Amino acid sequence: MKPENAINKAAACARPIRAGGLFGLIFVATLLLGACSALPDKPVRAALYDFGPGPLGPLPETRQAPLAPLALADISTPGGVLDNQAVLYRLAYADAQQLRPYSQARWSMPPAQLVRQRLRETLSRNRAVFNAGEGPALNRSVNQGVLPRMLQLQLEEFSHLFDAPARSTGLIRLRATLVEIQPSGEKLLAQRNFTVQRTAPSNDAPGGVRALTAATDAAIEEIATWLQQVP
């Protein structure tokens, strides 16, 4: 409430008071201003984070032939703990088994979706990437009549890990499975676990977000290299 509004309201209330009019007016105005200052502040909106825009410069030219097309499945998560938008951290020095959410930080979408989006952006630099199960006819048309291999991922860990109060890292752990789609079902081609940590520049939510972004980008580069090595 503005001070001038408080005075006006106080004056209206004080008209019936004949004795000590000025002091009564000041007293009522003080009560009204005090009531306004006692009102709770508006809740602070949580900061919203993603992995950033990615590389902004032109892609390097290469003379290598494009790699074989790839189908990318949705990334699964165990137990549903990563199915929300919370930015999670662990205090390994106190209770490593407990995941805690930052109260004023949120991802723009669940981590598995952010990781998948970043992975697709990276793999698409030198190969066609499809959503698993979409457009089988189109998939066959770009792969000489054969469905492309499918990459399946499980996001097992995605947290800001504190080894000590003043030392922390961003930790991501993924299980990658590459399969070939055949009439009889899926044929396992290769499987590998990827665990990457990157030092956090600060021991708070923004530092954890930057560390997890760096760890995710590094893990994706490892996955891209691994895919090229699978015969």
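The values are calculated or read from the model by the stated rules, or taken from the named source; none is laboratory data. Note that the structure is predicted; figures quoted are calculated from it, not measured. Neighbour counts are summed over all protein chains in view; Cβ atoms, including those assigned to glycine, are modelled from backbone coordinates with ideal geometry. Protein only, heavy atoms only, side chains kept; ligands, DNA and RNA dropped before computing areas. Shrake-Rupley method; radii C 1.70, N 1.55, O 1.52, S 1.80 Å.
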Discussion item. Could you check the stretch 65-84 and list, in sequence order, the residues that are closer than 13 Å to M109 by Cβ and either part of a strand (DSSP E or B) or open to solvent by 60 Å² or more (accessible area, probe 1.4 Å) (or both)?
Written reply: D74, D83, N84
Worksheet item: Across the stretch 85-103, what is the total count of residues that are exposed (fewer than 15 other Cβ atoms within 10 Å of the Cβ) and of a type in the set (G, A, S)?
Response: 3
Worksheet item: Pick from the stretch 104-134 the residues that are at pLDDT below 95 and of a type in the set (G, A, S): which of them is most open to solvent (accessible area, probe 1.4 Å)?
Response: G133
Worksheet item: Which of the following residues is closer than 15 Å to A68 by Cα and of a type in the set (A, V, I, L, M): L155, L178, L188?
Response: L178
Worksheet item: How many residues are buried (at least 17 other Cβ atoms within 10 Å of the Cβ) and among the β-branched types (V, I, T) when one looks only at the stretch 143-173?
Response: 2
Worksheet item: When only residues in the stretch 212-229 that are surrounded by 12 or more Cβ atoms within 10 Å (Cβ to Cβ) and either β-branched (V, I, T) or modelled with pLDDT under 95 (or both) count, which is farthest from the chain's Cα centre (by Cα)?
Response: I223
Worksheet item: Would a scan of the stretch 160-175 turn up a residue that is more than 28 Å from P53 (Cβ to Cβ), out of contact with any Leu (no Cβ under 9 Å at 6 or more places or on another chain) and modelled with pLDDT under 95?
Response: no
Discussion item. Could you list, ordered by first residue, the pairs with Cβ atoms under 8 Å in which the first is in the stretch 80-97 and more than 19 Å from Q113 (Cα to Cα) and the second is open to solvent by 40 Å² or more (accessible area, probe 1.4 Å) and outside any strand (DSSP E or B), at least 6 apart or interchain?
Written reply: Y93/P165
Item to complete: For the stretch 178-211, enumerate the residues that are in a helix (DSSP H, G or I) and either open to solvent by 70 Å² or more (accessible area, probe 1.4 Å) or closer than 30 Å to E134 by Cα (or both).
Response: R210
Worksheet item: Only one of (1) modelled with pLDDT under 95; (2) over 18 Å from the mean Cα position of the chain (by Cα); (3) not polar (S, T, N, Q) is not met by V81, so which one is it?
Response: (2)
Worksheet item: Within the stretch 37-57, is even one residue at pLDDT below 95 and outside any loop (DSSP other than H, G, I, E, B)?
Response: yes
